[in-house]
Each structure stands twice: as C-alpha cells, then as structure tokens.
1. I need the phi-derived Karplus couplings for segment 64-70: 6.51 cos²θ - 1.76 cosθ + 1.60, θ = phi - 60°, integer Hz, Gly and Pro marked x.
2. For Gly143, what residues show an amide H to amide H distance below 5 Å, using hydrogens built from the backbone and excluding near sequence neighbours?
3. At a Förster radius of 41 Å, what calculated FRET efficiency corresponds to the Cβ-Cβ distance of Asn118 and Glu65, to the nearest 0.05?
4. Past 24 Å, Cα to Cα, is the threshold; run Lys121/Lys147; Lys79/Lys104; Lys79/Lys121; Lys79/Lys147; Lys45/Lys87; Lys87/Lys137 against it and keep the listed order.
5. Taking neighbour counts of Cβ atoms within 10 Å as a proxy for exposure, in what order, fewest first, do Asp56, Asp164, Asp37 appear?
6. Going by how many other Cβ atoms sit within 10 Å of their own, how do Met133, Met108 line up, fewest first?
7. Considering amide H positions built from the backbone, and no H for Pro or chain starts, which residues 5 or more places from Gly84, or on another chain, come under 5 Å of its amide H?
8. Test of understanding: ordering Arg61, Arg51 by Cβ neighbours within 10 Å, fewest first, what list do you get?
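Values in this text are rule-based calculations from the coordinates and carry no lab data. It should be emphasised that the depicted structure is a prediction, and the values quoted were computed from it without experimental measurement. Virtual Cβ from ideal backbone geometry, glycine too; neighbours counted across all protein chains shown.
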Amino acid sequence: MSHRKGDVIPGDWYVTVDLAGFAEEQKVGGYRRKRLDKTAIAVVKVLDDERWWVRDLYLGRWGVEETSRRIVDAVESCKTMNLGIEKGALYQAVAPYLQAEAAKRSIMLAVEPLSHENRSKVERIGWALQGRMEHGKIIFRPGPHMKEIEDAFLNFPSALVHDDALDALAYVVQLAESRVFTRFAKVENDSYWEPSDAEVGL
C-alpha cells in the first residue's frame, strides 16, 4: 500500500482476539510448550475499498493480567470502539481484568462476543480469508511475527503449525458485519429517516 507520509487512508479500525489459555510460557516446559496455543490479537483497518491493512498481529502466551493489558493497548493504539473477543470460558476469565485495565486508563470498552458460528475451523477461516488473500485484499505490515503468520497461511490446515493468528483475522469479518448491522438498525429506528419507496424500503 503506497501513500504519502501524513495521508489518512479512509476506513474503520477493528481489534479481534482469539484467546488461548493463560499459562505463562516460562512455567511450561519441553514439548508441551511448543504445542500450547497462543493468544492472537489482530489490529486491522478495513479500508473503504474493502482491502484490509493488518497493522499488527500480536501472538503470545501470557498470564491473564498481561493479556488484558495487551488487548487494551491494542484498542488504545488505534482509538477504536470495534473490539471483538471469542466468547466462552476464557473470555469470562479475562473480562474483569480487561474492564479494570480499561477503567484505570479511562477507556470505554464495548466488547462484541464472537463465535465459531457452528463452522469448522477450515470452513470459517477459508471462507473469511482465502478469497481475500488470493485477490490481494489483505495487506500486512512487516512485523516480528510475519514469518510465523506466513507459515500458518501456507500450511493451513496442518496440525504442525499454529493457526491462532488466522482465527483472529477471520473474526474481523464477523465483527465488521455485526457493526454494519448495528448501524443500519440505528438508522431504521431514527424517526427522521423515511423510505423513499415504501414498497422496497429504499
């Protein structure tokens, strides 16, 4: 993506999180350490032309408090209200720490609970990412985890590589669609909005 320094590329920021367990890496040894899933935090700008600019993808095995700090860091870094986290027991565990960290910084968090939508991992990641990748719609900023992420894309769905980053990226679609539907609902409920064609609702 080429643009002049200082240009602002129109689009909306999204932060999506695929949580792993909160065992700290140094407390787990040997082969088990290599097999542990990682928490993935994606910071993505969905541009007006539907391309994605993946500014940051953080991967790591952290305790619950550090995970909370890193999520709030990501939200604060792009000043977005679009935060989505996979729902379930792990989210329930991190939620109070997340809200405490946000309150400490006077940041409002509105978390959208995300789900697998009863789709298999292959189906949901393929549906969300494959076509976009093939058509050059996902652009990555070079970063420390890009080799690992590249390996995940090239080898998916192999059990030999971690796919946590792909899960986090796939969640961007679900979060973005949810936010669009919410905006439409607000417009429809606005008393100043009336359809120009009552038959088709336009």
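1. Using θ = phi - 60°, the values come out as 5, 5, 5, 4, 4, 4, 5 Hz.
2. none
3. Once rounded, the FRET efficiency stands at 0.80.
4. In this structure, Lys79/Lys121; Lys79/Lys147; Lys87/Lys137 exceed 24 Å between Cα atoms.
5. By the 10 Å Cβ count, ascending: Asp37, Asp56, Asp164.
6. By the 10 Å Cβ count, ascending: Met108, Met133.
7. Those qualifying (amide H under 5 Å, at least 5 residues apart or on another chain) are Val15, Thr16, Val17, Glu112.
8. Exposure proxy ranking, most exposed first: Arg51, Arg61.
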